[in-house]
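Peer 1: I'd like to ask you about the structure that follows.
The values are calculated or read from the model by the stated rules, or taken from the named source; none is laboratory data. The model shown is predicted, which means the values in this text are computed figures rather than measured ones. Quick reminder, even Gly has a Cβ in these numbers, built from the backbone with ideal geometry, and neighbours come from all protein chains shown. We work out accessible area using only protein heavy atoms, side chains counted, and drop any ligands, DNA or RNA first. Shrake-Rupley method; radii C 1.70, N 1.55, O 1.52, S 1.80 Å.
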Amino acid sequence: MVAKETKQRGRPRSFDRDTALEKALRSFWEHGYESTSISDLTREMGISAPSLYAAFGDKRALFDEAIAVYGQLYGGFISRALAEEPTARRGVERALREAAAEYTVPDRPRGCMVISAALNTAPASAEVAASLREKRQTNVREIERAIRADIAIGEVPSGTDANALAEYVSAILAGMSQSARDGTDRATLEAVAGLAMNAWPREGERG
């Protein structure tokens, strides 16, 4: 018995998925999760709603994928700085300086997507807000671990409140993100980063 040839169901995808995802990412980045509708997304992505659902699932699934790509392409500079620099102070100093640059890149939404995308969310979007809050808290924990490691080797004074210092850095990053969205330029944000580092505990610092 000859097996019948099975025809592929459905029409072939007529758009580049990665390009469409990048457009969705920028829309969420610019306008936030709550304010970005499916019609906004389909218009920006240049696809129909059925195509969006078929390729990405629902709005939440698309947002989660966009956030993952954001972390890979744009938002990983804090972790890299902490991992590559020899001390927490140098890592944080580098991260703040790079934030000033990353948050003001021309032809790209300003600020940090993880900080701004879930502002003013409705109760129905509480899980989205919680997910982004956890990502921000992960950064705080990474900074705190680096500070505690420096305390252990005498690079930072033993009486330093590592959690408070890490939260301070996080607050500076959030403020820089919002300032960038308000139009503050890179040079000014770099000056803010420099001033912020004046609060870093210096007793026992090694040259």
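Peer 1: For the stretch 44-80, which positions are acidic (D, E) and free of Cβ contacts under 8 Å to residues at least 24 places away in the same chain?
Peer 2: Result: E44, D58.
Peer 1: Whether any residue in the stretch 73-91 is at pLDDT 95 or above, acidic (D, E) and more than 23 Å from W200 (Cβ to Cβ) is what I want to check.
Peer 2: Among the residues of the stretch 73-91, not one is at pLDDT 95 or above, acidic (D, E) and more than 23 Å from W200 (Cβ to Cβ), which makes the answer no.
Peer 1: Same structure again: Filtering the stretch 152-171 down to residues that are assigned to a helix (DSSP H, G or I) and open to solvent by less than 40 Å² (accessible area, probe 1.4 Å), which residue is nearest to R136 (Cα to Cα)?
Peer 2: S170
Peer 1: For residues that are open to solvent by 80 Å² or more (accessible area, probe 1.4 Å) and either in a helix (DSSP H, G or I) or touching a strand residue (DSSP E or B) at 6+ places or on another chain (Cβ under 6 Å) (or both), scanning just the stretch 15-25, find the one that is farthest from A118 (Cα to Cα).
Peer 2: D18
Peer 1: If you check A146 against the conditions, is it of a type outside the set (D, E), surrounded by 18 or more Cβ atoms within 10 Å (Cβ to Cβ) and closer than 21 Å to P86 by Cβ?
Peer 2: Yes: the conditions hold for A146.
Peer 1: Sticking with this structure for a sec: For residues that are in contact with a Gly (Cβ under 9 Å, 6 or more places away or on another chain), touching a residue at least 40 places away in the same chain (Cβ under 8 Å) and assigned to a loop (DSSP other than H, G, I, E, B), tally how many sit in the stretch 81-103.
Peer 2: Qualifying residue count for the region: 1.
Peer 1: If you take the residues of the stretch 87-103 that are within 14 Å of A191 (Cβ to Cβ) and among the hydrophobic types (A, V, I, L, M, F, W, C), which of them is most open to solvent (accessible area, probe 1.4 Å)?
Peer 2: Here the answer is A101.
Peer 1: Name the single residue, out of those in the stretch 28-40 being part of a helix (DSSP H, G or I) and either in contact with a Pro (Cβ under 8 Å, 6 or more places away or on another chain) or closer than 12 Å to K59 by Cα (or both), that is most open to solvent (accessible area, probe 1.4 Å).
Peer 2: E30
Residues checked against (1) on the phi > 0 side of the Ramachandran plot; (2) open to solvent by 50 Å² or more (accessible area, probe 1.4 Å):
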| position | (1), (2) |
| --- | --- |
| V105 | no, no |
| G111 | yes, no |
| A126 | no, yes |
| A130 | no, no |
| R141 | no, yes |
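Peer 1: Still on this model: Which of the residues that make up the stretch 57-77 are of a type in the set (D, E, K, R) and either open to solvent by less than 30 Å² (accessible area, probe 1.4 Å) or not in a loop (DSSP other than H, G, I, E, B) (or both)?
Peer 2: Within the stretch 57-77, K59, R60, D64, E65 qualify.
Peer 1: Please go through the stretch 148-178 and pick out each residue that is under 21 Å from V114 (Cβ atoms) and touching a residue at least 24 places away in the same chain (Cβ under 8 Å).
Peer 2: If the condition is that a residue be under 21 Å from V114 (Cβ atoms) and touching a residue at least 24 places away in the same chain (Cβ under 8 Å), then L165, A166, E167, Y168, V169, S170, I172, L173, A174, M176, S177, Q178 are the ones that fit.
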